[in-house]
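The values are calculated or read from the model by the stated rules, or taken from the named source; none is laboratory data. Owing to the predicted nature of the structure, the values given are computational and were not obtained by experimental measurement. Cβ placement follows ideal geometry from the backbone for every residue including glycine, while neighbour counts extend to all protein chains displayed.
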Amino acid sequence: MDTILELENISKVYGRGHTAVKAVDNVSLQVKPGEIVLIMGPSGSGKTTLLSMAGLLLRPTDGHLRINGQEVSRFSERQLPALRLHNVGFVFQAYNLLGALTAVENVEVVMNMADVKGKAARTRAVELLTRLGLEHRLNHLPADLSGGEKQRVALARALANNPPLILADEPTGNLDSKIGHEVMELLCCGLGRDQGRAIVIVTHDHRLRDIADRVLWLEDGKLSEKESNWNGDYAWHGVTNP
Ligand SMILES: Nc1ncnc2c1ncn2[C@@H]1O[C@H](COP(=O)(O)OP(=O)(O)OP(=O)(O)O)[C@@H](O)[C@H]1O
Ligand SMILES: [Mg+2]
């Protein structure tokens, strides 16, 4: 197995007729174990759409998608959650934690879905959160955690079932730059990268180019390896393009 994620001529069209939007246009991409791939591009260029398809949250309109060697189109809607659970960890900008559950419960719940229950789930959840520096926050509710802490819980949750692929959609977008950098270190240099895991990150943060194996650019739904001129968008996101 030498490819974790394979997109072959993937497209996504939202809507139909004269209101149809081609959000992702004929994109091909292969991501191998241990690789860190950054995807950058202007607002509305299709980054979230592309990542959602890679993370099996959204079906492509066209093209083939293979995850860990398995052709995704062969899986029914009912089978997809299990495929996703074992193969993909998703980190969202908005954390997406369950507000009624504590930090440790938020991590346990995704293991429970993968049939890891009781003491085994608790032990792994505590171990992950401890490695992420949250041993003193295990029983806090998300509302009582800082942004960086919430994002570390989200990271623990994404790693809980030990998936070979992590997808992160602007994971530091809501964090100040120092905390954001710590989260990225954990994701890309620490725990996230254990066991040759592949990581795909959508980001506007140019500093992350240093840690990436590959930087790809998405514009008008088209993916390329060449940076184009979209400095204005950085101003919009409050980030200066060096
Ligand atoms: N559910 C939807 N229905 C219709 N159009 C959509 C839908 N979701 C996204 N779009 C459109 O598809 C295009 C790509 O959107 P997407 O969210 O993937 O962009 P993005 O690169 O993630 O942007 P941002 O940097 O602002 O998060 C945009 O033109 C958007 O308006
Ligand atoms: Mg987006």
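If only residues of the range 1-26 that are assigned to a strand (DSSP E or B) and of a type in the set (D, E, K, R) are counted, the one that is farthest from GLY221 (Cα to Cα) is GLU6. Within the option set GLY46, GLY15, GLY99, being within 12 Å of ligand 1 (Cβ to nearest atom) and closer than 30 Å to GLY180 by Cβ holds for one residue only, GLY46.
Whether any residue in the range 186-200 is within 16 Å of ligand 2 (Cβ to nearest atom), touching a residue at least 12 places away in the same chain (Cβ under 8 Å) and under 19 Å from LEU5 (Cα atoms) is what I want to check. Within the range 186-200 (the criterion being within 16 Å of ligand 2 (Cβ to nearest atom), touching a residue at least 12 places away in the same chain (Cβ under 8 Å) and under 19 Å from LEU5 (Cα atoms)), the answer is yes, since at least one residue qualifies. Considering the range 38-64, and only residues there that are more than 16 Å from ligand 2 (Cβ to nearest atom) and surrounded by fewer than 19 Cβ atoms within 10 Å (Cβ to Cβ), the residue that is farthest from VAL13 (Cα to Cα) turns out to be HIS64. Restricting LEU38, LEU29 to residues that are farther than 20 Å from ALA156 by Cα, of a type in the set (A, V, I, L, M, F, W, C), touching a Lys or Arg at 6+ places or on another chain (Cβ under 7 Å) and touching a residue at least 24 places away in the same chain (Cβ under 8 Å) narrows the list to LEU38.
Given the structure, is THR130 over 21 Å from the mean Cα position of the chain (by Cα), polar (S, T, N, Q) and at negative phi? When the stated conditions are applied, THR130 passes them. Within the range 163-174, the set of residues being more than 13 Å from LEU208 (Cβ to Cβ) and part of a loop (DSSP other than H, G, I, E, B) comprises PRO163, PRO164, ASN174. Has the range 94-101 got any residue that is at pLDDT below 95, among the small types (Gly, Ala, Ser) and either more than 16 Å from ligand 2 (Cβ to nearest atom) or touching a Pro at 6+ places or on another chain (Cβ under 7 Å) (or both)? No, the range 94-101 has no match at all. Quick check on the range 50-71. Is at least one of its residues more than 16 Å from ligand 1 (Cβ to nearest atom), under 23 Å from THR172 (Cα atoms), in contact with a helix residue (DSSP H, G or I) (Cβ under 8 Å, 6 or more places away or on another chain) and part of a strand (DSSP E or B)? The answer is no, given that none of the residues of the range 50-71 is more than 16 Å from ligand 1 (Cβ to nearest atom), under 23 Å from THR172 (Cα atoms), in contact with a helix residue (DSSP H, G or I) (Cβ under 8 Å, 6 or more places away or on another chain) and part of a strand (DSSP E or B).
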